[in-house]
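Engineer: The structure under discussion is supplied below as structure tokens; questions concerning it will follow.
The values are calculated or read from the model by the stated rules, or taken from the named source; none is laboratory data. In this text the structure is predicted, and so the values were computed from the model without any measurement. All Cβ positions, even for glycine, are placed from backbone atoms using ideal geometry, and neighbour counts span all protein chains on display. Side chains included, ligands, DNA and RNA excluded: accessible areas come from the protein's heavy atoms. Shrake-Rupley method; radii C 1.70, N 1.55, O 1.52, S 1.80 Å.
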Amino acid sequence: EPIRQKGIFVKSPISASNSTIGRIVFAIHGTDEDMVAKTQTFGFWDLEAIVEDATRRGFRAEVVRVDTPSNQPEGLAVALQEDVFGIISLVPRRWLQPLIADRDMPVVYLGVDDPFSSPSLVGDLFTASHLLTRHLIQLKHKKIGLFASPGMDADHLSQVLRGHRAAMTEAGLEVNEALIEWSHKLDALALKDLQSFFDKLGDTTAILSPSG
């Protein structure tokens with residue numbers, strides 16, 4: 001369907017009488033069998049839902065797992081031997097480079113926060129944090145705590161904190177900086193530390209908890 005104003009074409013769902021128009025490979029990180037994949041800026045994605053949507057639009061979809069830049073499974077190489085419409089990658093370009101360097105194959109990166117992986121679609125963590133905080137404020141919360149995940153990337157955490165602080169400041173509310181700093185130093189796997197976090201909440205009535 002053409003969006004004439006910008007010259008973009010969007011593939012409509014195909015009818016039963018149409019043939020499949022190609023195959024898409026989803027390159028994801030992980031070795032478990034769950035149909036869930038984690039991205040750097042979008043959190044977790046339901047792969048079953050993505051595959052179903054691709055199928056509905058006329059593509060055959062295949063999920064291939066990539067462990068590290070130096071340890072690509074044979075499945076990815078085999079998948080790319082056949083005719084492929086393109087790759088939707090949840091891992092950085094350098095992880096795929098050995099297999100796509102000599103191929104004229106379109107690749108789009110999803111949720112990959114890497115300047116060398118383009119074109120890409122990434123999440124806006126500042127805006128997300130700002131909107132979530134505003135939503136809690138609109139629900140009449142004034143004492144909002146933010147759990148700064150110890151495992152979160154420093155740059156991503158910075159974006160989340162800036163969004164949270166901006167929304168609190170705009171509303172004339174005080175940011176609980178001590179709780180943010182303390183939570184970021186926690187051992188996320190130590191139950192006693194997590195219990196200590198809840199003990200420190202005091203009169204906090206809502207918590208934001210970005211994933212690491």
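Engineer: Pairs please, first residue from the stretch 111-129 and part of a helix (DSSP H, G or I), second anywhere and among the acidic types (Asp, Glu), Cβ atoms under 7 Å, 6+ apart in sequence or on different chains.
Structural biologist: Final answer for the pair search is none.
Engineer: Within the stretch 99-112, is even one residue open to solvent by 50 Å² or more (accessible area, probe 1.4 Å) and under 23 Å from Leu47 (Cβ atoms)?
Structural biologist: yes
Engineer: Out of Ala128, Ala166, Ala148, Ala188, report the one residue that is more than 20 Å from the chain's Cα centre (by Cα) and at pLDDT 80 or above. Break it down into steps so the answer makes sense when it comes.
Structural biologist: Numbers: Ala128 fails: more than 20 Å from the chain's Cα centre (by Cα); Ala148 fails: more than 20 Å from the chain's Cα centre (by Cα); Ala188 fails: at pLDDT 80 or above.
Answer to the check: Ala166.
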